[in-house]
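Some notes on the structure that comes next.
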There are 2 protein chains.
Amino acid sequence: MIVNSLMNNKGAIVGTQFKQVIAIVGGTGDLGGGLARRFARAGFRVLIGSRNQAAADESSADLKALAATYDWGDIDIEGMDNPSAARLGDIVFVTVPFSAQSATLKSIAAEVQGKIVIDVTVPLVPPRAARVQLPAGGSAGQIAQHLLGDGVHVVSALQNVAAAHLNSDDAVECDVLVTGDNKDARQVVVDLLAAIDLQGFHAGPIDNAAAAEALTSVLINLNKQYKTHAGIKITGIR
Amino acid sequence: MIVNSLMNNKGAIVGTQFKQVIAIVGGTGDLGGGLARRFARAGFRVLIGSRNQAAADESSADLKALAATYDWGDIDIEGMDNPSAARLGDIVFVTVPFSAQSATLKSIAAEVQGKIVIDVTVPLVPPRAARVQLPAGGSAGQIAQHLLGDGVHVVSALQNVAAAHLNSDDAVECDVLVTGDNKDARQVVVDLLAAIDLQGFHAGPIDNAAAAEALTSVLINLNKQYKTHAGIKITGIR
């Protein structure tokens, strides 16, 4: 479906008033869990996808328990397998390790045609995650666009935000470089990020995903040196 | 020569008290000129290298005129051909367009053995400078290390700082990612940057030059959107 980018800060589409459904494929990991937490709390319906139904159910239950503990009110969240989440989501985030990217994308390709898929993959090559080792395709973002085909608007984002920050209620001191070949799709993602208090910037075509992906290894270097969760802020604009 | 990284903020080596000589190969361009200005003003001897002696002389004269106009006191700066600058410099910056990188490095390779060479090359592919198009070798930094060989410590830096900022007296709101395979050499560069009021960070091995180089295309995107000179700041550390 075509997703309207006009939404209020709770994620409801202005004018039609239905609740937007965010699918998070690979949503049981730290980063996917952080996104689930923030989107659920912002009023979206969130589908946590996993290869493992029990893990998806557990992540969903954990977030509901957190919501009860901190009095966030009801949150709308449900665990399921990855293809089901991709099929039922209006917008689909993919937050899996690079080694699982291709298989995961193939498993949801049919379900996401016509949608926006936000690829959060960082092509790290353990154990040397602190060394930039971009893939032959240029970047994970380009690989995702190639695998899913022209019927999917792939947008790459969120490679530089530490999961620890997403899993907190603090303001995130890290801007998000948003790349993708379709400007309207990028804008939808910038708007979604704003709904969870993240500042996104249009950073060019999907080829530019390489910049954010490579930067993650630099940030891992800094994290080791300074025992922190480093990020970046764009300067010269605000 | 081995360069001592202990220097005061005027660039003099502490203990031995000789003035450090900074060569800027390709120093007549905007970025090289900005570095020449800042290093000369900070008290270093600066050699502006060019393929064109007249252009090097003119850049040198322009900076001396600027120093007189703004009462900076005497600055020590001289124009010459690139190989001469590389031979006489203690530390050698290379600030040429990517298309000229290989030929320039070959022309100075013999002169820089045993030294630190700071590669500032950004592998932009005009006219699509706003699109990341990293070279087959991974990055310009890796190409430089490969071309100059193991007898040279190549350090990559300064790809993200706008020339307009270097050519001003304002504080530069952009951190510098410093990459290179030798940590001591990186530290020398971090110290040199501090002498001209720039904050450098150890960002890992020379392979990680790809991150800063790719980021430049993203910043060019932002510059077009916002009519600015964008930069980055590392967060989570200070």
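Sort out which residues of region B:146-175 are more than 14 Å from chain A (Cβ to nearest Cβ) and not in a loop (DSSP other than H, G, I, E, B), and write them in order of number.
Going through region B:146-175, the residues more than 14 Å from chain A (Cβ to nearest Cβ) turn out to be B:146-155, B:158, B:167, B:169.
Result: B:His146, B:Leu147, B:Leu148, B:His153, B:Val154, B:Val155.
The rows are residues; the columns are (1) at pLDDT below 95; (2) of a type outside the set (Val, Ile, Thr).
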site	(1), (2)
A:Arg51	no, yes
A:Ala65	no, yes
A:Asp74	yes, yes
A:Gly79	no, yes
A:Pro83	no, yes
A:Ala86	no, yes
A:Val92	no, no
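Scan region B:105-122 for residues that are closer than 14 Å to B:Ser50 by Cα and either among the aliphatic types (A, V, I, L, M) or surrounded by 24 or more Cβ atoms within 10 Å (Cβ to Cβ) (or both) and jot them down.
Listed by number, the residues that qualify are B:Leu105, B:Ile108.
Is it the case, given these coordinates, that A:Val178 is within 18 Å of A:Ile24 (Cα to Cα), within 12 Å of chain B (Cβ to nearest Cβ) and part of a strand (DSSP E or B)?
yes
Out of all the residues in region B:180-213, which are in contact with a His (Cβ under 8 Å, 6 or more places away or on another chain) and free of Cβ contacts under 8 Å to residues at least 40 places away in the same chain?
The answer is B:Gly180, B:Asp181, B:Asn182, B:Lys183, B:Arg186, B:Val190.
Any chance you could count how many residues in region A:194-206 are more than 17 Å from the chain's Cα centre (by Cα) and surrounded by 24 or more Cβ atoms within 10 Å (Cβ to Cβ)?
1
Does any residue of region B:113-136 turn out to be in a helix (DSSP H, G or I) and in contact with a Ser or Thr (Cβ under 6 Å, 6 or more places away or on another chain)?
The answer is no; no qualifying residue exists.
Which residue pairs have Cβ atoms under 8 Å apart, sit 6 or more places apart or on different chains, and have a first residue in region A:113-131 that is within 12 Å of chain B (Cβ to nearest Cβ) and touching a residue at least 24 places away in the same chain (Cβ under 8 Å) and a second that is part of a loop (DSSP other than H, G, I, E, B) and of a type in the set (A, V, I, L, M, F, W, C)?
Sorted first by the residue in region A:113-131, then by its partner, the pairs are A:Pro123/A:Leu134; A:Arg131/A:Val125.
When you check B:Gln145 against the structure, is it under 25 Å from B:Ala130 (Cβ atoms), touching a residue at least 40 places away in the same chain (Cβ under 8 Å) and among the polar types (S, T, N, Q), yes or no?
Values: under 25 Å from B:Ala130 (Cβ atoms): no; touching a residue at least 40 places away in the same chain (Cβ under 8 Å): yes; among the polar types (S, T, N, Q): yes.
Spelling it out, it is not the case that B:Gln145 is under 25 Å from B:Ala130 (Cβ atoms), touching a residue at least 40 places away in the same chain (Cβ under 8 Å) and among the polar types (S, T, N, Q).
Name the residue, out of B:Leu35, B:Leu88, that is under 24 Å from B:Ile143 (Cβ atoms) and in contact (Cβ under 8 Å) with a residue 40 or more places away in the chain.
Working: B:Leu88 fails: under 24 Å from B:Ile143 (Cβ atoms).
Going through B:Leu35, B:Leu88 in turn, the sole match is B:Leu35.
If B:Leu222 satisfies every condition in (1) in contact (Cβ under 8 Å) with a residue 24 or more places away in the chain; (2) at the interface with chain A (Cβ under 10 Å from one of its Cβ atoms); (3) crowded, with 20+ Cβ neighbours inside 10 Å but one, which is the exception?
(1)
Which one of these is under 14 Å from the mean Cα position of the chain (by Cα) and surrounded by 21 or more Cβ atoms within 10 Å (Cβ to Cβ): B:Ala163, B:Ala144?
Checking each option against the conditions leaves just B:Ala144.
Quick check on my filter: what residues within region B:178-193 are buried (at least 19 other Cβ atoms within 10 Å of the Cβ), in contact with a Ser or Thr (Cβ under 8 Å, 6 or more places away or on another chain) and under 13 Å from B:Ala203 (Cα atoms)?
Across region B:178-193, the qualifying residues are B:Val178, B:Thr179, B:Gly180, B:Arg186.
Somewhere in region A:56-71, is a residue at negative phi, among the basic types (Lys, Arg) and surrounded by 15 or more Cβ atoms within 10 Å (Cβ to Cβ)? Even if it seems obvious, please write down each step before you answer.
Taking region A:56-71 as the starting set, the residues that turn out to be at negative phi are A:56-70.
Next, from what is left, pick out any that are among the basic types (Lys, Arg): A:64.
Adding the requirement that they be surrounded by 15 or more Cβ atoms within 10 Å (Cβ to Cβ) leaves A:64.
For region A:56-71, residues at negative phi, among the basic types (Lys, Arg) and surrounded by 15 or more Cβ atoms within 10 Å (Cβ to Cβ): present.
Restricting to region A:192-219, and then to whatever is part of a helix (DSSP H, G or I) and at the interface with another protein chain (Cβ under 7 Å from one of its Cβ atoms), can you tell me which residue is nearest to A:Thr179 (Cα to Cα)?
A:Asn208
The values are calculated or read from the model by the stated rules, or taken from the named source; none is laboratory data. Everything numeric in this text was worked out from a predicted model, so none of it was measured. Here Cβ is always computed from backbone atoms with ideal geometry, including for glycine, and neighbour counts include all displayed protein chains.
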